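Below: one structure, written as structure tokens.
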Amino acid sequence: MVEKVGTHTAVAAKRITASNGSSTGQRVTLAGLEVNSKLLLKFAESFKAFNLDCRPVAMKSANTRHAGTITACVLPLNQTAVTSLRKSGWFLPRRTLLYGIGDWNAAARFHDLGINALLERTTELCFRTAVSTTRSVIAHGIGEYARVPIVTAVVIKAEGIAAKGITRNVGPGGMAVTLSRSASLPAEVNLEFSLPGARPFSLRASPRWYSGLLVGLRFQPSKSENVLRKWISEYARLGKQA
């Protein structure tokens, strides 16, 4: 059932919706699973900075009345919350946007869940970064050449060294990766990573741009391109109601 936390959440949710007069018309119905109402409301507020209408719903996994209406969920990456999510009647894999609260190790532990954005801290900056990562999907959807926001571990190997990172998005032609440490990569690197529901990949790529620890990588032509396109097509309805 919807978690009863008094009238505060409901009133605040109405205030968030009412204040979004300049929204794009795209609505996010955000389920908060195993998170307190204060954090849920703060996260929902962060969508306004991107002109998105977000309605927060504090709920328990047993509730099935919201099946097909929940478009996103924020939850801590621990066994209790993830088990509740998997058992819920409203979670739709590759359809429900997932914002996971946790570190890289937690994200790796639940790799198969399909986490779309990682909140390593519950700060306003982290909230806005997570929404920024998924904004395009909410507003425009995922086309044939778009990138899917996804969190998965990647190993970058080059010239006898190996660097670790975590993806921000993946597309048929490349990916954006946050490195675990500052590094200047050579012109060609080898990437090893896995995607939810797909086999492991080993691809050659070239760095195209840097922004702090974030690096953009372009894949070199390979036989895996069709596999990636098929995987992307399975996420075509990400963040959309049933």
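All of the numbers you see were taken from the coordinates with simple rules; none came from a lab. Owing to the predicted nature of the structure, the values given are computational and were not obtained by experimental measurement. Cβ sites come from the backbone with ideal geometry, for glycine too, and all protein chains shown count toward neighbours.
Numerical summary
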| read-out | value |
| --- | --- |
| Net length gained if the chain between D103 and K42 were fully extended (0.36 nm per residue, minus Cα distance) | 20.0 nm |
| Gain on full stretching of the segment that runs from Y145 to I161 - 0.36 nm per residue minus C-alpha separation | 2.6 nm |
| GNM result for the chain, Cα springs below 10 Å: residue of L41, L85, L213 fluctuating most strongly | L213 |
| Cα→Cβ-extended label distance, 7 Å offset, between T129 and N226, nm | 3.8 nm |
| Per-residue ³J(HN,Hα) for the range 71-81, Karplus 6.51 cos²θ - 1.76 cosθ + 1.60, θ = phi - 60°, Hz, x for Gly and Pro | 9, 8, 9, 10, 7, x, 8, 10, 4, 4, 5 |
| Potential extension, N190-A49 segment - 0.36 nm per residue separation minus Cα distance | 47.1 nm |
| Cα centroid of the range 93-120 to Cα centroid of the range 185-242, whole Å | 17 Å |
| Space enclosed by the convex hull of the alpha-carbon atoms of the chain, per residue, Å³ | 118 Å³ |
| Distance (nanometres) between label positions extended 7 Å along Cα→Cβ at Y210 and S233 | 3.8 nm |
| Listed pairs K164/K223; K157/K230; K48/K240; K164/K230; K48/K87 exceeding 28 Å between Cα atoms | K48/K87 |
| Rounded to 5, percent antiparallel among DSSP beta bridges of the range 88-194 | 85 percent |
